[in-house]
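Notes for the one structure printed next.
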Amino acid sequence: MSKTSELPPAQSPLEVKATPVSLIQGSPRVVNVGLSGFAEALAAQGVAVIQVDWSPPARGDADLATLLSKLSD
Amino acid sequence: MSDVRQVLREANAEAVRRMLAAEPVLIDVVAAADAIPELGEGMILHAGPPISWERMCGPMRGAVAGIAVFEGWANDLDAAAALAARGAFQFRPNHDFAAVGPMTGMTTASQPVMVVENQASGNRAFCTINEGLGKVMRFGGNDASVLTRLAWLRDVLGPALGMALRSSEGIELKSLVARGLTMGDEMHQRNVACSSLLLRSLVAALASTCGNRTILTTILSFIASNDQFFLNIAMAMGKAITDPVRDIKGASVVTAMSRNGTDFGIRVSGLGDEWFTAPVEMPDGLYFPGFSAVDANPDMGDSTIVETIGLGGFAMAAAPAVAGFVGAGAPSDAAHITHTMREITLAENPEWTIPALDYQGVPTAIDIRRVVETGIAPMINTGIAHREPGVGQVGAGVVRAPLACFESALWALGKRLGVT
Amino acid sequence: MGVGKTTGGDMSVVVNQVRTGVFFDSVVLMRISRELADFEGIEEAALMIGTPSNLAILESAGLLSELGRQAGGGDLVLAVRARDAATAELAATEAERVLERPSRTGGGAETWQPRTLRSACSVMTDTNLALISVPGDFAAAEARKALRLGLHVIIFSDNVPLEEEVALKREATEAGLLVMGPDCGTVIIDGVSLAFANQVPRGDIGLIGASGTGIQEVSCLIARLGGGVSHALGVGGRDLSDAVGGSSTLAALKLLNTDPGTRHVVLISKPPSTAVAKAILTGVAASDKTFSICFIGAAPLSVPSNATLLRTLKAAAEHAVGASINAVAKEWGDGSVLPGAGRSRIVGLFCGGTLAAEAQVIFIDEAVSVASNAPIPGVSQLVPVSHHVLVDLGDDSYTRGRPHPMIDPAVREGELVRALGDPTVAVVLLDVVIGHGAHVDPASAIARVLCKTSPDRPVVIASVTGTKRDPQDCDTQASILRGAGVLMAPTNADAARLALTCLSLID
Amino acid sequence: MPLNVNLSASPSGVPGHGVQIGCFARDVIDGARSGCVTAVFERSGYIEIDGDWVCVANVDAGYNAVTISVRSSPSNDWLDYFQVGAPVVITPSLLSISDRPAVNLSPLMLWSPAVARCWSLATLSRGLQALAKWAPDARLPADGLGQYLYGSQAIGVATRESNAAGGAIADLTQWLCGVVDPTGESGVLARSVRTLIGLGPGLTPSGDDFLAGMLIALSVCGAKRWQHQLGNAVQAGLQGTGSVSQAHLKAAVKGEGGEALHQALVALMAGEGDRLGSALSALDRVGHTSGWDGLAGVVTVLRAIMGRPFLVLDGHCLS
């Protein structure tokens, strides 16, 4: 998995990317959330992929998750 | 983007800006009563959220009895304890008076406190002087040796330090901590580098202002022998940095984390002075020979103010030796802990960087929304006190802030922003 | 490593995995079985050495399937009972991931994995695509987070509520992003196959499909015809429904329009409603690319001048490449065995829903009445015994509580054995789908069943959907099937025609 | 050929340096020529030689009858040479893998487990009481047979293996007290051993560790007749479990196991409470449940000896 190459600018990660990235220009760079087999298949094809060690939000508490979705930026 | 989320984004951006813009400087040492005018007869400030005598743990009670005798409000420990039980003393958290204190965190009128001023916003924060290791007041020690040391701090070390600091323009702490980080300190369990850097910048002023050679020798050897001397200064610095971040409407950034040996409490910028508490957890760590988990006292102290500004457990990657020592895994795991803390913070402090992470800034500004969403609780490096008063430190380890504090804070923030 | 399963108790599913010559220390074994046990939806999990005593306690705990019973003292048995097959499968693959990992983690410490999409993007700052395969009720929330981080999204998970799909696709259109899915199994971007897709050479033909196996068959036939695929964008089974209105298909059309590397676009789906078809065809007309459109089983409808309507996936692939696959009619040479007297029915058992639909198109075009559990317009739903039947085994009625037949051939084995044993059946028609994610060797699973049946059985005809570069390699699969006495056709459509030819030779 | 004779100067550049070797491992590699690597773990690996498996482990993993304990030279780790299936060649002074020198055997010393100098029923009962006192904050793993540590009735939450083992352990306890006639193949002994062998989770199933604990305790206490009969029953049932476990059981039949278990056994027999504490924490680190399962077997034997003081124990001062 590619390590952070350059030091990200000190901007806080509050600003979300403004312009959407193209999907079909060049090989995809993938974040895999779920079955890790997919990440391994992509890595085997030499694709840049990062696996998220996912777990249900708010430890699966549905009410908290709903509150979070209304509050998270 | 709905207006609530807009409010949150702007409020948190302001909270982060204030936290990173702070300019903490150690300027003076004065008697606590001078720094905190409300600190009168029979008033005892303690670590952690508010707590009554009945619910206090062993070491906290030991410290209260000891300090009452020290201040002359009772002539022996039993009398002091009886007075406390009868409600003769007024117990308030350090945090309500711009103060912090390690472990039991006793702050009373005559004790000397170090003064750190945040020159970006003008506020000041206070913390007593670190007594060193072994049988000490912060671990609930209260025998004659403890009280004599406190008297020496009050009568000799405090005034001398104050004079030395006043004779110079004070010690700028941000760059000192930056160097400490590159030398393996994380400012909670390990302060040996910063303590040495501090002594270097104090020794000339001390020599010139302290005329008496024998007193100077005792002062220098006391500071030089205490690896954790800088801890109390780091804590006052943390308080000076976080106080201006309080009361920003709609901000979900944590401004205080603290424990009193019974409850773990947090405060959040957008929620005023309300404490969100949960039962404190047991640290998990390594014990000095002859001690084990059965001897440990539950987690205690205002020292988690350093984690609140991105140091301590959050800067574990800077101090692999600590990771190994406190049983938080192999030194190579230290980086993992800092990476994980980045999941629950909004920013990285560009002035406090960690060489092992290609000079990435320490993870700063804990966001209660991210804590609740990821289920990752802030990781705290802590000393472990013996559960009987007066024995002292029995180990060091790591402890997690209870998630319940952050969940109840999130519900409160939702209510305050009209979101249920 | 073998995988076997039976349906335990009421709806819960038992899945066993047996590994030989593999050793793990007890702490690792305990950690894995503990992790599996707390997996959401897992009723019980055990990971033990297959000694007689252990097999006895697994049996009494209702955790043993046929495969597990044959395990020996040196084997490691993973036994899982889950509320449904999807969970069992998810747990089994997770266990496999850990069990297959080398036991010595080597010098470097375990590499750190980010815990959230947000922190993954802060580490890999140039990400542009999120592949989401978490359980359904969380997939929509993760997809929304991905869109807000400016990522295009593939939602592999199914059972995502329809209104969430509609809301997500609206948010994506506003942000100029593409949502592929939910229940999107097949995507190829710039020659890279994501989730279940075949290894297809790069070329100038783009695909947009509402069905996974439809894209797989067309992209594999394009490869066989010497063509190549630029991008294959799966849009999910419900995209062309009235509720969703084809928003991802239209977005995909716009995307391929801007791609100089795409000369021609193939559009595949089940017949959309007239309103949605109109919107799609307007988009097609506005494009400067040429189109092959295959609404499997749709009644003829007029299409713009730059598009051609094709009846079958094979025709669509041929039209896109401008070449044709000649069905080897003489496959039915002298040596072939004709089905015995009294056999008159054809039974088709398909893993791919769209492949079953294409077979139905062939039957209708040859004016042969046929029934199916997933009928296209003009095919009856009823199944009178004497009638021909084409079964989509991927349909919920077969897969409820079991993994998809492409992943676990055992799902089709029961039906295959019944069809082979039915004296009225003249021909059994099969599809064999390979590629990333599919079962490691589906052909041998079929061969094992055939070698156990008596010679007096129906003729078995099949085709392989795959390419040489797939992990399973389509040629090896075909030769295994031929070796077991299966008649091989070059495409799914030809296999259906071959079945009808065989029938005509009997009367 | 005695291994502990230092033959030649240690070949330089060999990553692993042999430290100690258990008696079972020595018997297996003594005079052996070749074998192959069958399993690799975090700190150890297994080699199969003529049907017997021998463990090669880092010295910090603790000594054991089936193990060659090796210290790594700082530069490289001998365990990196261990690939499953790789051929192994053994000479008196050198173990090489895929014909690369891996471990220098010449410095090997024979490891012999600790022995209780002089013990009595009084010291034994003090040891068992120390164990009982220690019980409340013992972190017994939920799985395995550690629940039988305090008697033939399991304590704690029943698991698949503890249910299956209950009857067999009760029978073995009765057999130890001489209530049941232990002779004859179809006897209670053979059936209980067949139930326990290969039972339970882990690389060495809990039932095997339990039986090994019993065999070792019987041998160290000198109850030769019981050790012999139980040993025969275990030998007969060896096919019921995996190869790693078979090695440990064969060593236990001769009365030897892991260092941690021997330390705990000796501490119990000699009634040294504090030594028991450190032995138990070392035991806790042996596999997931193996340490506790072994101790449960040991204590089952020790309790029986307490219950039948006139048990003929050859050559031990039992007052």
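Give me the aspartates and glutamates in straight-line cross-link reach of D:Lys250: C-alpha distance below 13 Å, same-chain residues under 8 apart excluded.
D:Asp27, D:Asp52, D:Asp208, D:Asp209
Would you list which aspartates and glutamates come within 19 Å of C:Lys278, measuring only between C-alpha atoms, while excluding same-chain residues fewer than 8 positions from it?
Cross-link targets: C:Asp239, C:Asp242, C:Asp288.
Remind me, relative contact order of segment A:30-71 in percent, using alpha carbon pairs under 8 angstrom and six or more residues apart?
Working: 31 pairs, mean separation 14.9, N = 42.
Relative contact order of segment A:30-71: 35 percent.
For the residue pair C:Ser305 and D:Asn163, what label-to-label distance in nm results when each label sits 7 Å from Cα along the Cα-to-beta-carbon direction?
For the pair C:Ser305/D:Asn163, the computed spacing is 7.7 nm.
5 Å is the cut-off here: which amide hydrogens, built 1.01 Å from N in the peptide plane, fall below it relative to B:Ala109, excluding neighbours closer than 5 in sequence?
none
Within chain B, which is the longest segment containing none of the chymotrypsin sites (Phe, Trp or Tyr not before Pro) that sit in a DSSP loop and have at most 16 other Cβ atoms within 10 Å?
On the way: sites that count: B:Phe291, B:Tyr359.
Formally, the longest exposed-site-free interval is B:1-290.
Can you give me the Kirkwood hydrodynamic radius for segment C:2-100, using every pair of distinct Cα atoms, in Å to one decimal?
13.0 Å is the Kirkwood radius here.
What is the order of C:Leu450, C:Leu207, fewest Cβ neighbours within 10 Å to most?
C:Leu450, C:Leu207
Taking only Cα atoms of segment B:245-416, what ratio of Rg to Rh do you get with Rh as the Kirkwood inverse-distance radius? Don't skip to the answer; put the middle values down first.
On the way: Rg = 16.0 Å, Rh = 16.3 Å.
My calculation puts Rg/Rh at 0.98.
Whole-Hz ³J(HN,Hα) for each residue in segment B:240-256, computed from phi via Karplus 6.51 cos²θ - 1.76 cosθ + 1.60 with θ = phi - 60°, x for glycine and proline: what do you get?
5, 6, 7, 4, x, 8, 6, 6, 9, 4, x, 8, 9, 7, 6, 10, 7
Given bins 10 angstrom wide, list per bin the percent of all Cα-Cα distances in segment C:329-506, short to long.
Bin by bin from 0 Å, the calculated values are 10, 41, 39, 10, 0.
5 Å is the cut-off here: which amide hydrogens, built 1.01 Å from N in the peptide plane, fall below it relative to C:Val460, excluding neighbours closer than 5 in sequence?
C:Val428, C:Leu487
In what sequence do B:Val399, C:Val229, C:Val134 fall when counting other Cβ within 10 Å, fewest first?
Ranked by crowding around the Cβ, least crowded first: C:Val134, B:Val399, C:Val229.
Which shape class, rounded, prolate or oblate, goes with the protein assembly as shown when its Cα gyration tensor gives a ≥ b ≥ c as root eigenvalues, a/c under 1.5 marks rounded, and past that a/b bigger than b/c marks prolate?
Because a/c hits 1.5 or more and a/b fails to exceed b/c, the protein assembly as shown counts as oblate.
So what is the relative contact order of segment C:329-506, in percent, for Cα pairs below 8 Å that sit 6 or more residues apart? Before the final figure, lay out each step's value.
On the way: 338 pairs, mean separation 44.3, N = 178.
Computed value for segment C:329-506: 25 percent relative contact order.
Treat the count of other C-beta atoms within 10 Å as a stand-in for reagent exposure and order C:Val123, B:Val362, C:Val13 from fewest to most.
Fewest-to-most Cβ neighbours within 10 Å comes out as C:Val123, C:Val13, B:Val362.
Tell me the label-point distance for the pair C:Arg448, C:Val368, using the 7 Å Cα-to-Cβ offset, in nm and rounded to one decimal.
About 3.1 nm separates the two model spin labels.
Check each of the trypsin sites (Lys or Arg not before Pro) in segment B:55-130 and keep only those in coil by DSSP with at most 16 other C-beta atoms within 10 angstrom; list them in order.
Here the sparse-neighbourhood loop sites are B:Arg86.
Calculate the radius of gyration of the Cα atoms of segment C:64-192 to one decimal place, then report Dmax, the largest Cα-Cα distance, as a whole number, both in Å.
In Å, with Rg to one decimal and Dmax whole: 18.7, 60.
Given H placed on each backbone N at 1.01 Å, which residues far from B:Ser121 in sequence or on other chains put an amide H within less than 5 Å of it?
Correct list: B:Glu23.
Restricting the count to DSSP beta bridges whose residues both fall in chain C, what percent are antiparallel, rounded to a multiple of 5? It would help to have the intermediate numbers written out before the result.
Numbers: 27 of 74 bridges.
If I count the DSSP bridges inside chain C, around 35 percent turn out antiparallel.
Is it possible to state the helix-based mean residue ellipticity at 222 nm for the protein assembly as shown, with each DSSP H run of 4+ residues giving -39500 (n - 2.57), the sum divided by total residues, to the nearest 500 deg cm²/dmol? What is it? Could you put the intermediate results ahead of the total?
Details: 44 runs with 491 residues, N = 1319.
Mean residue ellipticity, 222 nm, calculated: -11500 deg cm²/dmol.
For B:Lys415, give me every one of the lysines with a C-alpha distance below 24 angstrom, ignoring sequence neighbours fewer than eight places off in its own chain.
Straight-line reach from B:Lys415, under 24 Å: A:Lys70, B:Lys249, C:Lys145.
How high is the relative contact order of chain B? Use alpha-carbon pairs under 8 Å, at least six apart in sequence, and give a whole percent.
20 percent
Of the listed pairs D:Lys224/D:Lys254; C:Lys169/C:Lys314; C:Lys169/C:Lys254, which have alpha-carbon separations greater than 19 Å here? Intermediate values should be presented prior to the final figure.
Values: D:Lys224/D:Lys254 11 Å; C:Lys169/C:Lys314 31 Å; C:Lys169/C:Lys254 15 Å.
Violating the 19 Å Cα-Cα cut-off are C:Lys169/C:Lys314.
Shape verdict for segment A:30-71, please, from the Cα gyration tensor: rounded (a/c under 1.5), prolate (a/b greater than b/c) or oblate.
prolate
FYI, it's all coordinate maths here, none of it is from the lab. Note that the structure is a prediction, hence the values are computed from the model and not measured. Cβ: placed from backbone, ideal geometry, glycine included. Neighbour counts: every protein chain shown.
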